[in-house]
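Accompanying notes for the structure given below.
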Amino acid sequence: MTFNVNDSVHDFKGKHAFGELYGIESSKLNDTSYLENLLIEGIKSSGATLCSIQSKKFEPSGVTLLALLSESHASIHTYPEKGSMFVDAFTCGSCNPEEVIKTLEKGLSASHTNISSITRG
């Protein structure tokens, strides 16, 4: 079966934002509750709808959070020993996934942030 990519019946698009945040206090990068609250705030700011969050705290340090969204997903991976983290947010529709990263940047007082975005579909 072949699909015509110009066929509006199969038209789908999304925006994928990637963030690297640096210069963050290691204690904040190990605080699962604080990170989860910031992620929820960022998801709301983006216009997305949160379905659920899964978290994992690693020993001796580091946290991963995965958020399932009605519009797709968001994730963070922290590296407290480096004062850094990675953020990934993908949304369909009219949401702005960069807002997730900007909310984390502000809430964590990151000294430097790189944000890249691509349109998919």
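Tabulated data
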item	result
Filter result for Ala17 (in a strand (DSSP E or B), among the hydrophobic types (A, V, I, L, M, F, W, C) and within 14 Å of the chain's Cα centre (by Cα))	yes
Candidates Lys28, Lys57, Lys82, filtered to the one that is surrounded by 18 or more Cβ atoms within 10 Å (Cβ to Cβ) and either in contact (Cβ under 8 Å) with a residue 60 or more places away in the chain or farther than 17 Å from Asn96 by Cβ (or both)	Lys28
Subset of segment 97-120 (residues that are surrounded by 11 or more Cβ atoms within 10 Å (Cβ to Cβ) and farther than 20 Å from Leu29 by Cα)	Pro97, Ser116, Ser117, Arg120
Selection count, segment 65-96, where residues are over 25 Å from Ser26 (Cα atoms) and β-branched (Val, Ile, Thr)	1
Matching strands (runs of 3 or more DSSP E) fully within segment 22-121 where at least 2 residues are β-branched (Val, Ile, Thr) and at negative phi	63-69, 72-79, 84-92, 112-120
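Read the figures in this text as sums done on the coordinates, not as results from a lab. Note that the coordinates shown come from a computational prediction; the quantities given were computed from them, not determined experimentally. Because the Cβ atoms are built from the backbone with ideal geometry, glycine has one as well, and the counts that use them run over all protein chains shown.
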